[in-house]
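No value in this document is a laboratory result; all are computed from the given coordinates. Everything quoted here is computed from the prediction, not taken from an experiment. For neighbour counting, all protein chains shown are included, and Cβ atoms are generated from backbone atoms with ideal geometry for every residue, glycine included.
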2 protein chains.
Amino acid sequence: MNGAHSLLATLTGNGIGVCFANPGTSEMHIVAALDQVTGMRCVLGLFEGVVTGAADGYARMAGRPAATLLHLGPGLANGLSNLHNAMRAQSAVVNVIGDHATYHRRYDAPLTSDIEGTARPFSHWVRTTPDAASVAADTAAAVAAARTAPGRVASLIVPADAAWSALTAAPAPVQAVVPAPPRVPEPAVETAARILRSGHPAALLLGPQATREAPLEVAGQIAAATGSRLYSPTQNARITRGAGRVPVQRIPYPVDQAVALLADVRDLVLVGAKPPVAFFAYPGKPSRLDPPGTRVHELARPDQDVPGALTALRDALGAGGAVPRRAGISRPALPGGALTPAKIGAVLSALMPPDAVVVDESITTGRSFLADTAGAAPHDWILPTGGSIGYALPCAAGAAIASPGRRVIVLESDGSGMYMPQALWTHAREQLDILTLVFANRGYQILRHELSNVGATAGGPRAEALMDLGRPDIDWVSLARTFGVPGSRAATADELARQVAAGLSAPGPRLIEVAL
Amino acid sequence: MNGAHSLLATLTGNGIGVCFANPGTSEMHIVAALDQVTGMRCVLGLFEGVVTGAADGYARMAGRPAATLLHLGPGLANGLSNLHNAMRAQSAVVNVIGDHATYHRRYDAPLTSDIEGTARPFSHWVRTTPDAASVAADTAAAVAAARTAPGRVASLIVPADAAWSALTAAPAPVQAVVPAPPRVPEPAVETAARILRSGHPAALLLGPQATREAPLEVAGQIAAATGSRLYSPTQNARITRGAGRVPVQRIPYPVDQAVALLADVRDLVLVGAKPPVAFFAYPGKPSRLDPPGTRVHELARPDQDVPGALTALRDALGAGGAVPRRAGISRPALPGGALTPAKIGAVLSALMPPDAVVVDESITTGRSFLADTAGAAPHDWILPTGGSIGYALPCAAGAAIASPGRRVIVLESDGSGMYMPQALWTHAREQLDILTLVFANRGYQILRHELSNVGATAGGPRAEALMDLGRPDIDWVSLARTFGVPGSRAATADELARQVAAGLSAPGPRLIEVAL
């Protein structure tokens, strides 16, 4: 038994059974140990952002962490942007990074870099394990850190000699000690109850832990009893929704629309969410989206027991018997003719199977999709959280692995889909039931809007060249073929409906280029 | 005039005429300014690693920096691995990163992160410019830092309001003050001369500044006069070579071969290079590649005047009249039949046009390519420096833009080529004369070797699954089509020769999948 065995045994002994990996030489003993320690499913990504994005998607759907396996500082670096998204999603990730053998570091070999310094801006917890004997305790500490509410990124650095050195005795298993999230103190609940009873226009802003089915039910009772509204941040890790579920209104991305939505709110109760802020600063527009003078009350911090706080609030309001408003079922007729965003939304709403998982990175094309699908069959909707684009294809791989038997639908933009397209290979290798729709409008369409939103002079040809994804057009059907994913192109609503229906009934991955 | 105009005017006023970019909302004023400030060619990459890798390739061939334009912390993060390679190549890069408006940072919007902390492990110089009035001076300081010998990565963070705020007066142009590299002190030259006169087996280890044509000529005279050998590190940014050039022996990657090559060296003179070290640690093998007891003398540090030190050494040795050994021309006959690495090397050597630029990331397939092409038409050979794979396709884009009229040949592995394949789109958009050969052996072949090199138990099926790039096979011809690059597949040496000849005679990019 060596440090690598100890690492894997400690991970699996603490309930981590999936590892997304892109290893190199310094991780070879860990790779070899996979055939000697049972219980770890290892999934290869061809790029490290695929690995970390999949771990994020896995955590969002499984509610527990996966591990990653990355190769030194540059391998970690390639995975950072999706760790940023994971942190903003409150996803638990045990991020394992190999390093040179400890005695080799001082030679400054080509791949040497400051791994801890690289990890720190994108991790809640960073530790380098010094030797094989320490691996078990440090791995358990990483698991505990990752699983500490609301879910954190824990980066554990494992030098090659810590992995390969023999342990003289099999170490006793080390159990991760995960602290329970603290209960919200009563005064915070009472204050929230008093606010909601006051009759002023009030809203609950529901963070990612409050938008799952059970806490949404409770929030729906509170809303029904008090007339308060239910909002979610523009970026939310996962919303459980569809016919029969309690609907929650997402705050829109465009600042003017967000400000208009919140204009008459006087009291805002934060439920594991931060105050609403604009995604970017725009000259002459506010950074805060709630109107000046809004009274903001924090019912629960994200690291507290958020669902428990909602239940306590409901009970303080005596709303246990209230019946929440629920979304009705609505299956629109399949549209025909030229493609529009509304028709795409109708196709989705009509054909979405029960218990689908939607991973949404549809940016400008998808502005109406949440509204369009409010009455679709019950499903989960995953949204960008950290704003780093390219997350959807990797995230979908992890979400699918966490959700066997459920269909994953990726709503992808052609700009965003170009950041980590090699995730499609993992969809194919693992034969995941993922249907990817790529909305090919041949541009960074959002930037064309943003150029005027920030008050920049209308772009000339050089600016336009940086927002144009044509010259040459990207052929998404060929891209799918590259990675062994069946692909097709839909140029009309009829074609889209036919191809979506076919894609949702066939096993394995599939891609549709939606030509806009 | 605003801060964005000031940024671009200062860059172009200091000789930076190319910017590789993947901008977002916070960079929109800089994008808009491209149409108002003349002299900046802006090249779009669909992923940030393409942007930074291209800047590295540009610097290696142009000998001066390009700028980048990246989007906040996660955009920077996606570009870090190729900045690592750039640092190890001693490439000058002015790395420009947009940030939220200064007043917006405290709201912790989704894309907020510690940008300076993210940049620091992969930059020699980091600064956040505070406001529009400071942009010119800070930009000039970034250029000066980047151009300080031997070439550095300077990261300049530009908040959105520093870019968009108006300047009351057009600022005076600020000139970057670039310190000249210090001359090597005479005692260092005299010591080296004494060592080389001693008659013991000696070698010069030539860093990246010593392997260009002119300093290599001088090194060749020193070698001819003293019998010393010329080596270059395994990883070297650029070697000018081919028929008529002074040959230099690259230290091989496998530790045993490197140790054998250096076994009888008694004196090692470092010429802008570090002592030779193993790429990775392997149990029971040395980290240092030169034999124990070797006397190591540093003639010149990389930040000193390396070519000047070589000239001073030659003159101290009175070797100004010596005639260096030069590589003879050797054009092998075109091979036929089944493909082997040696036949691929012969095709390259036979068909390489004069002044080609070869970007080599061929890993296991290409172990013999340097030897195979020693007598090819004169060319430059670019090697991996930092060991972060995926650099070749981005690097080639920058190298091609820096080298108009020269043909760029990429020798790519199928594992490495999957990290940043979207670089091919930039090849197509800019219609760069880049011929890419992908050696498709359907595996991380090097890891299969490394698994046993590090002494891990032979891999079982789980380990093997992490080194196998089949299931499904990657279709590189479809990948090329995705990005508008003409592609073909060669399964025999005859087919390869025909396709390489055709690819080198047609303008624009082309890709050949070499089926191994």
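In terms of its C-alpha gyration tensor, the stretch B:1-129 has an oblate overall shape, because the principal axis ratio a/c (a ≥ b ≥ c, square roots of the eigenvalues) is not below 1.5 and a/b does not outweigh b/c. In this rough spin-label picture, where each label sits 7 Å from Cα along the Cβ direction, the A:R442-A:R471 distance is 1.2 nm. Pull up the DSSP beta bridges for the protein assembly as shown and report the antiparallel fraction as a percent, rounded to 5. If I count the DSSP bridges inside the protein assembly as shown, around 10 percent turn out antiparallel. Considering only alpha-carbon pairs that sit under 8 angstrom and 6 or more positions apart, the relative contact order computed for the stretch B:341-515 is 23 percent.
The calculated FRET efficiency for the pair A:A214 and B:A137, based on their C-beta separation and a Förster distance of 51 Å, comes to about 0.35.
Percent of Cα pairs in the protein assembly as shown per distance bin of 20 Å, from zero to the largest separation: 13, 43, 34, 8, 1, 0.
Principal semi-axes of the equivalent ellipsoid, √(5λ) from the alpha carbon gyration tensor of the stretch B:65-172, are 23, 19, 9 Å from largest down. Taken as Cα centroids, the stretch A:1-63 and the stretch A:234-308 sit 36 Å apart, rounded to the nearest whole angstrom. With respect to the axis relating copies B and A by rotation, the chain B residue whose beta carbon is closest, plus that distance in Å, is B:S478, 2. Which FRET efficiency value, to the nearest 0.05, is calculated for B:Q257 and B:A166 with the Förster distance at 60 angstrom and r the Cβ-Cβ distance? Once the sixth-power term is evaluated, E becomes 0.45.
Charge tally around A:H379: other residues with Cβ under 13 Å, Lys/Arg +1 each, Asp/Glu -1 each, net +1. Restricting the calculation to Cα atoms, the stretch A:326-371 shows an Rg/Rh of 0.95 when the hydrodynamic-style radius is the Kirkwood one. Between A:V177 and A:A338, full extension at 0.36 nm per residue minus the direct alpha carbon distance yields a gain of 52.3 nm.
Take every Cα pair under 8 Å whose residues are at least 6 apart in sequence, average their separation, divide by the length of the stretch B:3-164, and the relative contact order is 28 percent.
What is the average number of partner chain Cβ atoms found within 10 Å of a Cβ in B:97-109?
4
Of the beta bridges in chain A, as assigned by DSSP with both residues counted there, near 10 percent are antiparallel. Restricting attention to the stretch A:341-515, close to 5% of DSSP beta bridges with both partner residues there are antiparallel. Neighbours of A:R407 by Cβ distance under 9 Å: Lys/Arg scored +1, Asp/Glu scored -1, total -1. Over the stretch A:228-309, Cα pairs under 8 Å with separation of 6+ residues give a relative contact order of 28 percent. Taken along the Cα-to-beta-carbon direction at a fixed 7 Å, the label points for A:R331 and B:E186 span 9.4 nm.
Peptides B:278-290, B:397-409 ordered by packing proxy, namely the average of other Cβ atoms within 10 Å per residue, highest first: B:397-409, B:278-290.
Each residue, A:A371 and B:S198, gets one label point 7 Å from its Cα in the Cβ direction; the gap between the two is 8.2 nm.
In chain B, helical runs assigned H by DSSP with n ≥ 4 each contribute -39500 (n - 2.57); averaged across all residues and rounded to the nearest 500, the mean residue ellipticity at 222 nm is -10500 deg cm²/dmol.
Sort largest first and round to whole Å: the equivalent ellipsoid semi-axes of chain B, each the square root of five times a Cα gyration tensor eigenvalue.
Ellipsoid semi-axes (Å, largest first): 37, 30, 22.
Can you give me the C-alpha center-to-center distance between the stretch A:457-505 and the stretch A:86-121, rounded to a whole angstrom? Result: 36 Å between the Cα centres.
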